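Report on the following structure.
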Amino acid sequence: MPKYVPEIKNAHREKIVDACETLYQSRTFSEITFAEIGKASGFTRTSIYTYFHTKEEIFLALLQREYGKWVADIDSIGSPKGKLTAKQLAKQLSLSLGKRFQLLKLLSMNLYAIEENSRLENLVEFKKTYKAAVGALENCLKKLKPALSEAEIEAFIYQFLPFMFGLYPYAFPSVKQKSAMKKAGMKLKKNTVSGLANAAVLKLLEK
């Protein structure tokens, strides 16, 4: 098999994921169809099936790519002295999430259903990237907060990662959600991803 074939396959796969990402910027998961992703990417349904068997697998690939970008962001967090105060680290981590709009939007969906409707081999590849994100956080904390114990680092990670799932809805409520909250007598507060994340990270680090 020619050497260029894997590169072409990867390029085709990325083009399909790119099309899904573009559609997802203005529409919801339920509104996007397999056929529309095909039309946006220029591939037939049969061609897409070569790479992805379900719409969920395409979204899983997009989520995997977004986690990969966040890993790079975490790895870039540092200090000339190798240490940061709790406030400094909270700010750096919150800013890293502030750039990951698409990651947080994807996490706000029903990730359980997406994983269940993806083939095992696709899910394994995703979990490898997720594992890299966990490892990046561990390395970041060990490097910049060396006083933390292994147990404290683990506790931080497994409180912080689930917290991320709720960031997008609080920072970007829809028009319909705002209307419902207003009619329910709830106070509408303007939140930002960085602001919410900063407060949470700081609280976790100062426990």
Which of the residues belonging to the range 171-207 are part of a helix (DSSP H, G or I) and surrounded by 15 or more Cβ atoms within 10 Å (Cβ to Cβ)?
-> Ala171, Val193, Ser194, Leu196, Ala197, Asn198, Ala200, Val201, Leu202, Leu204, Leu205
Kindly provide the set of residues from the range 20-79 that are within 28 Å of Gln92 (Cβ to Cβ), more than 15 Å from the chain's Cα centre (by Cα) and of a type in the set (A, V, I, L, M, F, W, C), ordered by number.
-> Ile77
Tally, over the range 144-158, of residues that are surrounded by 14 or more Cβ atoms within 10 Å (Cβ to Cβ) and either among the acidic types (Asp, Glu) or part of a helix (DSSP H, G or I) (or both) = 7
More than 20 Å from the chain's Cα centre (by Cα) and surrounded by 14 or more Cβ atoms within 10 Å (Cβ to Cβ) - does that describe any residue in the range 128-143?
-> yes
Verdict on Leu111 being under 22 Å from Ala171 (Cα atoms), surrounded by 15 or more Cβ atoms within 10 Å (Cβ to Cβ) and either touching a residue at least 60 places away in the same chain (Cβ under 8 Å) or not small (Gly, Ala, Ser) (or both) = yes
Restricting attention to the range 80-100, does a residue exist that is hydroxyl-bearing (Ser, Thr, Tyr), buried (at least 19 other Cβ atoms within 10 Å of the Cβ) and on the phi < 0 side of the Ramachandran plot?
-> yes
How do the helices (runs of 4 or more DSSP H) wholly within the range 1-103 filter down when requiring 1 or more residues that are among the aromatic types (Phe, Trp, Tyr): which remain?
-> 4-24, 34-41, 45-49, 55-76
Considering the range 15-24, residues that are free of Cβ contacts under 8 Å to residues at least 24 places away in the same chain and not hydroxyl-bearing (Ser, Thr, Tyr), and then whichever is surrounded by the fewest Cβ atoms within 10 Å (Cβ to Cβ), we arrive at Asp18
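Where a number appears in this text, it was derived from the coordinates with a stated rule and is not lab data. Not measured: the values here are computed from a predicted model. Note that each Cβ is placed from the backbone with ideal geometry, even for glycine, and that neighbours are counted across all protein chains shown.
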